[in-house]
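Right, one structure below, let's go through it.
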Amino acid sequence: MGSLHGQIAIVTGTSRSQGIGAAVCRLLAQDGADIFFTHLSNYDRNVARYEVEENWPDIFAAELQKLGVRAGHMELDISQADAPERLLDKVEAAFGAAPAILINNATYSVDADFRELSPAILDEHCAVNVRGTCMMSAMFARRIEGRHGGRIVNLVSGQDKGAQPGNLAYVATKGAISAFTRSLAAGLAEHGITVNAVDPGPTDTGWINDDLRAQLLTQFPLGRLGVPDDAARLIAFLASEEARWITGQIIHSDGGFR
């Protein structure tokens with residue numbers, strides 16, 4: 001069994017087989033971690049406009065269990081104020097212990113430039129990307145601070161590499177998480193809990209059409225678009241013991257995207 005045997009990992013925002021969340025779950029499970037993932041099909045279906053496979057969470061949990069680990073899941077809207085506590089309670093009830101790894105992958109994204117930006121759009125982004133991520137991280141840390149050791153990995157965007165004028169609410173909230181990551185890492189260091197953030201760059205998870213693909217390819221010096229496994233490999237490393245000396249970092253795992 002792998003180096004994460006006996007560890008419990010939470011991966012939020014895992015609603016589709018093609019997503020980064022699913023790729024992370026697979027790699028962590030291959031390394032021996034028990035997996036509890038969250039999903040929200042209404043968002044994927046009605047906001048992100050993805051096709052959502054019927055009964056996919058159960059199918060995916062069974063796939064992970066075939067790797068010899070325990071796997072559970074729940075539908076969860078991270079924007080709800082009580083979501084972090086309900087999730088952590090559910091994980092502890094299902095697996096009999098608190099999780100040691102938290103991957104904050106759930107996100108909310110709707111394009112909005114300066115003409116389209118509204119209080120409602122900004123609030124919707126803040127509820128998931130800022131409040132949800134921040135409170136999920138804080139409550140996770142409270143549950144494990146006495147036992148020394150843990151991993152938090154946040155998913156961010158490339159907002160500090162270049163302008164994204166058509167996606168103002170998203171970049172503003174992801175920029176907040178980059179700042180939060182650095183400060184939370186300093187606060188949790190004495191407890192042996194590392195906190196890092198990963199920017200996967202544009203990743204082909206099913207949202208890229210042919211025209212956009214052609215445009216994006218010119219911006220990747222490695223000659224291809226990112227795939228979920230690219231980001232998952234780094235995230236799995238940051239969750240491992242090998243990454244124990246890495247904390248407070250914003251890492252751009254984006255194939256040199258420019």
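Structure summary
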| item | result |
| --- | --- |
| Trypsin sites (Lys or Arg not before Pro) restricted to the range 1-86 and DSSP loop, no more than 14 other C-beta within 10 Å | 49, 66 |
| Cβ-based exposure ranking for 174, 161, in which fewest neighbours within 10 Å come first | 161, 174 |
| Sorted by Cβ neighbour density within 10 Å, fewest at the top, the residues 73, 252, 191, 39 | 191, 252, 73, 39 |
| Radius 9 Å from Cβ of residue 253, net charge of other residues (Lys, Arg +1; Asp, Glu -1) | -2 |
| Computed E for residue 65/residue 241 - FRET, C-beta separation, R0 35 angstrom, nearest 0.05 | 0.90 |
| Loop chymotrypsin sites (Phe, Trp or Tyr not before Pro), the range 91-159 (other Cβ atoms within 10 Å of the site Cβ: 10 or fewer; DSSP) | 114 |
| Pairs of Cα atoms farther than 19 Å apart, the range 98-194, % | 44 |
| Cross-link partners of residue 174 among lysines (Cα-Cα below 16 Å; sequence separation of 8 or more within a chain) | 161 |
| Hull volume in cubic angstrom per residue (convex hull over the Cα atoms of the range 194-258) | 83 |
| Summed residue charge, Cβ within 13 Å of residue 131's Cβ, Lys/Arg positive, Asp/Glu negative | -4 |
| Cβ-defined net charge surrounding residue 231, 15 Å radius [Lys, Arg +1; Asp, Glu -1] | 0 |
| The chain - mean residue ellipticity at 222 nm from DSSP helices (-39,500 (n - 2.57) per run, n ≥ 4, rounded to 500) | -11500 deg cm²/dmol |
| Selection from 80, 42, 144, by position along the positive dipole direction of the chain (Cβ) | 144 |
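Every read-out reported here was derived from the displayed coordinates using simple, explicitly stated rules and does not represent laboratory data. Predicted model only: the values in this text are computed from it and were never measured. Please note: Cβ atoms are built from the backbone with ideal geometry, for glycine as well, and neighbour counts cover all protein chains shown.
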